[in-house]
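These notes are about the structure you will find just below.
The values are calculated or read from the model by the stated rules, or taken from the named source; none is laboratory data. Every value quoted in this text rests on a predicted model; they were computed, and no experiment measured them. Using ideal geometry, Cβ is built from the backbone for each residue, glycine included, and neighbour counts are taken over all protein chains shown. In case anyone asks, the SASA skips ligands and DNA or RNA and just uses the protein heavy atoms, side chains included. Shrake-Rupley method; radii C 1.70, N 1.55, O 1.52, S 1.80 Å.
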Amino acid sequence: MIKSMTGYGKAECEIAGKKIIIELRSLNSKQLDLNIKLSSVYREKEPVTRTDIASRLKRGKIDLVIYADYKGADSIPTINVEVVKNYVEQLKKTGGEIGLDEYNPLEMMKIAMRLPDTYVSEKPDLDEAEWEAVYKAFLSALEQLDNYRIQEGEAMRADLDNRINSIEKHLAGIGQFEEKRIESIRKRIRQNLQEYLNSSIIDRDRFEQEIIYYLEKIDISEEKVRLENHIAYFRETLREEEQTGKKLGFISQEIGREINTIGSKANDFNIQKLVVKMKDDLEKIKEQSLNIL
């Protein structure tokens, strides 16, 4: 099964006057790259979420965010009265020492409230019943993301099928030009020899031997057979159940080597055009392979 590494999942739950929102995003990466941001009350559960993500998603750049949207007074931080009083006393004392006779309580309060530690946000203890509801929502978001990957993967598999079929079609099209290509090469060599040498001194047997030697050097039959085998292996890999992205990438490299060799040996405009088309399809395959799990 082909799976994309791109995906998104979201789930929500409401508990005791607050709405918990869970979001998961995934992009392609060579390995598992996890970035987890949790509200402080859930931070102790990070190892659990990390293990679940790793076992389900395997690979990718994955962001998990779990945050609480408070609806009631619980979200309002408490003023640290003792700290504020101490700041005000210090400000009054400092003002007197530097000769500021006027004392404005409102201004003193404004200054004090901007200083550190004037607010206290107490971290509540995690209630296991609450975490159970949050965890259930987290698993729902995780499943959404995985299903998204599967759907994307199906679309990618269809596109890869079309691309590899196109390469196979262009490869088959080379055959119609090969006989003409060989005859054209033979004719060109003969014309060059006749142009620069007296035809009466050309040894026909030696000429035929040289032609055969040259044609063997530019023969592409082995490359065509290997390319056909790579195409078959690519199709087989597309149907495998395991992670296939890296494997498809390696096969694509081998396909590229054979296409390049055919192009370098071709010496024929029509074959070169087919090689360019195969290269274009292969580039699209390589791009897709980078986003396959």
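Tabulated values for the structure
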quantity: Among residues of the range 261-275, those that are in a helix (DSSP H, G or I) and touching a residue at least 12 places away in the same chain (Cβ under 8 Å), counted; calculated: 9
quantity: Flag if GLU107 is outside any loop (DSSP other than H, G, I, E, B), more than 40 Å from the chain's Cα centre (by Cα) and charged (D, E, K, R); calculated: yes
quantity: Matching entry among ALA137, ALA141, ALA133 (being surrounded by 11 or more Cβ atoms within 10 Å (Cβ to Cβ), small (Gly, Ala, Ser), under 30 Å from GLU240 (Cα atoms) and in contact with a strand residue (DSSP E or B) (Cβ under 8 Å, 6 or more places away or on another chain)); calculated: ALA141
quantity: Candidate set: the range 246-290, residues that are open to solvent by 80 Å² or more (accessible area, probe 1.4 Å) and among the basic types (Lys, Arg); chosen: the one modelled with the lowest pLDDT; calculated: LYS246
quantity: Search result, residues across the range 218-257 that are in contact with a Lys or Arg (Cβ under 8 Å, 6 or more places away or on another chain), in a helix (DSSP H, G or I) and over 26 Å from GLN31 (Cα atoms); calculated: GLU223
quantity: Those residues of the range 47-68 which are more than 26 Å from PHE250 (Cα to Cα) and open to solvent by less than 70 Å² (accessible area, probe 1.4 Å), in sequence order; calculated: VAL48, THR49, ASP52, ILE53, ASP63, LEU64, VAL65, ILE66, ALA68
quantity: Tally, over the range 78-90, of residues that are modelled with pLDDT under 80 and open to solvent by less than 60 Å² (accessible area, probe 1.4 Å); calculated: 0
quantity: Qualifying strands (runs of 3 or more DSSP E) (wholly inside the range 1-46; at least 1 residues being over 27 Å from the mean Cα position of the chain (by Cα), surrounded by fewer than 19 Cβ atoms within 10 Å (Cβ to Cβ) and of a type in the set (Lys, Arg)); calculated: 18-27
quantity: Extreme residue, modelled with the highest pLDDT, among residues of the range 99-142 that are of a type in the set (Val, Ile, Thr) and closer than 30 Å to TYR87 by Cα; calculated: ILE111
